[in-house]
1. Rounded to whole Å, give me the distance from the Cα center of segment 91-130 to that of segment 32-68.
2. Could you work out how far apart the two model spin labels at residue 180 and residue 162 are, taking each label as a point 7 Å from the Cα in the direction of the beta carbon, and quote it in nm?
3. Check each of the GluC sites (Glu not before Pro) in segment 72-171 and keep only those in coil by DSSP with at most 14 other C-beta atoms within 10 angstrom; list them in order.
4. Over every pair of different alpha-carbon atoms in segment 151-200, take the mean of 1/r and invert it; report that Kirkwood radius in Å.
5. With all pairs of different alpha carbon atoms counted, what Kirkwood hydrodynamic radius in Å does segment 1-69 show?
6. Quick check for me: using +1 on Lys/Arg Cβ and -1 on Asp/Glu Cβ, what's the dipole size of segment 4-188 about its Cα centre, in debye to the nearest 20?
7. Grab the eigenvalues of the alpha-carbon gyration tensor for segment 4-188, scale each by 5, take roots, and send me the semi-axes largest first in whole angstrom.
8. Given 25 °C and 0.890 mPa s, compute D for segment 82-200 with the Stokes-Einstein relation, Rh being the Kirkwood radius over Cα pairs; round to the nearest whole µm²/s.
Amino acid sequence: MPRTVRYLTHPQVRIEPEKTVPNWSLNEIGAGRVVALASRPGLLALTRRVVCSNETKAIETAQPIANALGVDLEMRPRMHENDRSATGFLPPEEFENTADAFFANPSQSVRGWETAQDAQRRIVEEVETCLSSPGVGDVLFVGHGGIGTLLFCALSGFAIDRRFDQGPGGGGCWFEFEIEKRKPLGGWQPMEVLSRIPSP
C-alpha cells in the first residue's frame, strides 16, 4: 500500500497583538476542532510520524493528534510560516493586502517579509529532508496556510499564486500526496474530513 503524506494547517487562532505572531495560540474554536479530530483520527490511523513547525499554534494542533496516535511529536523549526517579523501584527485588511502582494511578487521582499520564493525553497527542503529517511506508515506534517500553499504549488508544478491558498475560514485544512510520487492527490479539504473511517 502506498504511504500517504498529509499537510495540515493549524485551525483558528486567538489574535493577540501584544505577542509575536509565532507565539499565538489556538482559540476555543480551533482547539475544539483539534480535540474532535484527536478523538477520532479516522484517515490518520496509519500515521506513524507527526512533524510540525515549532510555532505555538502548530504545536497545539499537532501534539493532541500525536498523543492520540501514540507517536512522538517531531518539531522542525524551519517549517515555520513565512517570516513576517518585519511588520509583526497587521490589522486584517492590511494583512490581506500585504499577503496578496507577497504571493503576486514571489521574488521580492514585500515590506521586509521573507520572499515567497525563499519560503517555498525552505519548506520543500524541510519536507524532502523528513521524507528522505526510510520508515513505515503515513506521515503528517502540521504547519501554516501561507507556507503550506507554497508547498502545494511546488508539488503540483504550479507557479506561486494565492489562488491555490486553502481559502477563507481560519485554517484547519489539508492536502495529501503519495510519498513516492510527490504530487498532490487533490486540493485542500477541511480537517473534519480526516475523521472519517477509511474504507476497508
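Where a number appears in this text, it was derived from the coordinates with a stated rule and is not lab data. This one's a predicted model, so the numbers in the text were calculated from it and none came from an experiment. Neighbour counts are summed over all protein chains in view; Cβ atoms, including those assigned to glycine, are modelled from backbone coordinates with ideal geometry.
1. Segment 91-130 and segment 32-68 have Cα centres spaced 25 Å from each other.
2. Using points 7 Å along Cα→Cβ, the separation is 3.9 nm.
3. Loop-located and lightly packed - none at all.
4. 12.2
5. Hydrodynamic radius (Kirkwood, Cα only) of segment 1-69 equals 12.8 Å.
6. So the dipole magnitude of segment 4-188 works out to roughly 400 debye.
7. Here the semi-axes work out to 25, 20, 14 Å.
8. 158
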